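Colleague: I am attaching a structure below and will ask some questions about it afterwards.
The values are calculated or read from the model by the stated rules, or taken from the named source; none is laboratory data. This structure is a prediction, so every number in the text was calculated from the model and none was measured. Cβ coordinates were reconstructed from backbone atoms using ideal geometry, including for glycine residues, and neighbour counts include every protein chain displayed.
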Amino acid sequence: MNVLGIETSCDETAAAVVAEGRLVRSSVVSSQIDLHARFGGVVPEIAGRAHVELLMPAVAEAMARAGIERPDAVAVTYGPGLVGSLLVGLSAAKGLAMAWRVPFVGVNHLEGHLFAPVIEEPGLPWPLVVLLVSGGHTLLVEAAAPGRYRLLGQTIDDAAGEAFDKVARYLGLGYPGGPAIDRVAREGDASAFSFPRAMLGEGYDFSFSGLKTSVVRTVERHPSASTPDVAAAFQEAVVDVLLTKAARAVRAVGAKGLCLGGGVAANSLLRRRAPEAVDVPTYLPSMAMCTDNAAMVAAAGTFRLAHDGPSPLSLAADPNLFLDFSEDFSEPEA
């Protein structure tokens, strides 16, 4: 089965064709970074308009690369995300499914990220702990199997990627903040400053707002502080918290592996330290699978179509959509 995936939840316009839920036959991503860089972040109205212009060319290119004229189904992200951006992809997916007379299925963007490792590592051992870290989300999830998830922890304020963007903006490093801080931090001394690790020994939830504020206050007190040193110390604090809690979760649930997902999973320090933090295999997504893409949407859509059937054409965009977590798990000790 060839499934066309469409992803327009934020500022990446993406289309992909995936066969049998794991074989990526094509993947096209049109980035909007240049459109938003001068504003220091994503502007929802600009993102929505760009999706209108970029989506159908991306779909055509994905279909051409895959060498097919019609897919067997169309999968699309319907939440969470920017409502205007979601509506562009959702409307296009419905129209294409109707024109081709093929099933239409809506996909939760977060579940798409959970399926990214399945594409690249089809023999994954279950259960897994997944650390999903992006600009909008920081989640620690136990995955007993595809479709069976339990939320272990989440951010109570800023997502890790959001903290990267805000600190980078304050330091004058530009947008997007994650790659900018990662690049500059390589030249800095992470021990030059000691930033707080909020809630490090408390359960599985995260908090990065205080860390961001600490960076600002430190630079105010030390205006001559080296930007690479500040960036390196900040990055060290974020990675320390993420991996400390992930490792604790792996032990608590008896996971057979740790998976990273989301845009922050591209961070070089996080990727280097993750295998050292746990005693089980660590699955690091390729750079293409870290950021938003439509291949993961098509993979998750294939699973949802097989287990739940097609979605109704009345399906609405849900900017605040959250994952449906299973209830049949025993609670792990923190």
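Colleague: With ALA192, ALA143 as the choices, which residue is in contact with a helix residue (DSSP H, G or I) (Cβ under 8 Å, 6 or more places away or on another chain), surrounded by fewer than 19 Cβ atoms within 10 Å (Cβ to Cβ) and not basic (Lys, Arg)?
Modeller: Working: ALA143 fails: surrounded by fewer than 19 Cβ atoms within 10 Å (Cβ to Cβ).
Exactly one of ALA192, ALA143 is in contact with a helix residue (DSSP H, G or I) (Cβ under 8 Å, 6 or more places away or on another chain), surrounded by fewer than 19 Cβ atoms within 10 Å (Cβ to Cβ) and not basic (Lys, Arg), namely ALA192.
Colleague: Can I ask one more? Going by the conditions given, is VAL129 surrounded by 22 or more Cβ atoms within 10 Å (Cβ to Cβ), modelled with pLDDT of 95 or more and over 16 Å from GLY5 (Cβ atoms)?
Modeller: On the way: surrounded by 22 or more Cβ atoms within 10 Å (Cβ to Cβ): yes; modelled with pLDDT of 95 or more: yes; over 16 Å from GLY5 (Cβ atoms): yes.
Yes; evaluated as a whole, the condition is true for this residue.
Colleague: Here is a follow-up. Just to verify a result, which residue in the stretch 146-177, among those that are β-branched (Val, Ile, Thr) and more than 15 Å from the chain's Cα centre (by Cα), is surrounded by the most Cβ atoms within 10 Å (Cβ to Cβ)? So that I can check it myself, show each step before the final result.
Modeller: If we filter the stretch 146-177 for residues that are β-branched (Val, Ile, Thr), which is where we start, we get 155-156, 167.
Checking the rest, the ones that are also more than 15 Å from the chain's Cα centre (by Cα) come to 156, 167.
On the way: ILE156: 13, VAL167: 25.
In this case the residue turns out to be VAL167.
Colleague: Going through the stretch 211-246 one residue at a time, which ones are farther than 30 Å from ARG150 by Cα, touching a Gly at 6+ places or on another chain (Cβ under 9 Å) and assigned to a helix (DSSP H, G or I)? First the steps, then the outcome.
Modeller: Of the stretch 211-246, the ones farther than 30 Å from ARG150 by Cα are 213-233.
Cutting the leftovers down to touching a Gly at 6+ places or on another chain (Cβ under 9 Å) gives us 226-233.
Hits for the stretch 211-246 are THR227, PRO228, ASP229, VAL230, ALA231, ALA232, ALA233.
Colleague: Related question: Considering the stretch 7-52 alone, what residues qualify as being under 18 Å from VAL105 (Cβ atoms) and of a type in the set (Asp, Glu)?
Modeller: Selection gives GLU7, GLU20.
Colleague: Further question: Can you name the residue in the stretch 195-228 that is under 30 Å from LEU152 (Cβ atoms) and of a type in the set (Ser, Thr, Tyr) and is also surrounded by the fewest Cβ atoms within 10 Å (Cβ to Cβ) among such residues?
Modeller: Among them, the one singled out is THR213.
Colleague: Provide a single number: the residues in the stretch 311-333 that are at pLDDT 70 or above and over 22 Å from HIS113 (Cα atoms).
Modeller: Filtering the stretch 311-333 down to residues at pLDDT 70 or above leaves 311-325.
Pick out the ones that are also over 22 Å from HIS113 (Cα atoms) and you get 312-314.
Counting residues in the stretch 311-333 that are at pLDDT 70 or above and over 22 Å from HIS113 (Cα atoms) gives 3.
Colleague: Within the stretch 229-249, track down each residue that is surrounded by fewer than 24 Cβ atoms within 10 Å (Cβ to Cβ), farther than 21 Å from VAL216 by Cβ and not small (Gly, Ala, Ser).
Modeller: Across the stretch 229-249, the qualifying residues are LEU243, THR244, ARG248.
Colleague: List pairs: first residue in the stretch 234-256 and closer than 14 Å to GLY201 by Cα, second residue surrounded by 24 or more Cβ atoms within 10 Å (Cβ to Cβ) and hydroxyl-bearing (Ser, Thr, Tyr) anywhere in the structure, Cβ distance under 9 angstrom, at least six positions apart or on different chains.
Modeller: Note: pairs meeting the criteria are LEU242/THR138.
Colleague: Given the structure, is ALA249 within 18 Å of ARG148 (Cβ to Cβ) and among the hydrophobic types (A, V, I, L, M, F, W, C)? Break it down into steps so the answer makes sense when it comes.
Modeller: On the way: within 18 Å of ARG148 (Cβ to Cβ): yes; among the hydrophobic types (A, V, I, L, M, F, W, C): yes.
It is true that ALA249 is within 18 Å of ARG148 (Cβ to Cβ) and among the hydrophobic types (A, V, I, L, M, F, W, C).
Colleague: Another question, then. Of the numbered conditions (1) in a helix (DSSP H, G or I); (2) in contact with a helix residue (DSSP H, G or I) (Cβ under 9 Å, 6 or more places away or on another chain), ALA252 fails exactly one; give the number of that condition.
Modeller: (2)
Colleague: Condition first: modelled with pLDDT of 95 or more and either over 23 Å from the mean Cα position of the chain (by Cα) or buried (at least 24 other Cβ atoms within 10 Å of the Cβ) (or both). Now tell me which residues in the stretch 292-303 satisfy that. I'd like the intermediate steps shown before the answer.
Modeller: Step one: filter the stretch 292-303 for residues modelled with pLDDT of 95 or more, giving 293-303.
Hits for the stretch 292-303 are ASN293, ALA294, ALA295, MET296, VAL297, ALA298, ALA299, ALA300, GLY301, THR302.
Colleague: Exactly one condition in (1) farther than 30 Å from VAL28 by Cα; (2) in a loop (DSSP other than H, G, I, E, B) is false for PRO285; which is it?
Modeller: So the condition that PRO285 fails would be (1).
Colleague: Still on this structure, I have one more. Test each condition in (1) within 30 Å of HIS51 (Cα to Cα); (2) under 19 Å from the mean Cα position of the chain (by Cα) for VAL129 and report the one that comes out false.
Modeller: All conditions pass for VAL129, except number (1).
Colleague: Only one of these is buried (at least 16 other Cβ atoms within 10 Å of the Cβ), in contact with a Ser or Thr (Cβ under 7 Å, 6 or more places away or on another chain) and within 13 Å of ALA294 (Cα to Cα): ALA66, ALA58. Name it. Before the answer, list the steps.
Modeller: Working: ALA66 fails: within 13 Å of ALA294 (Cα to Cα).
One residue alone meets the criteria, ALA58.
Colleague: Still on this structure, please answer the following. Which residue is surrounded by the fewest Cβ atoms within 10 Å (Cβ to Cβ), if the candidates are limited to the stretch 85-111 and must be under 19 Å from the mean Cα position of the chain (by Cα) and small (Gly, Ala, Ser)?
Modeller: It comes out as GLY106.
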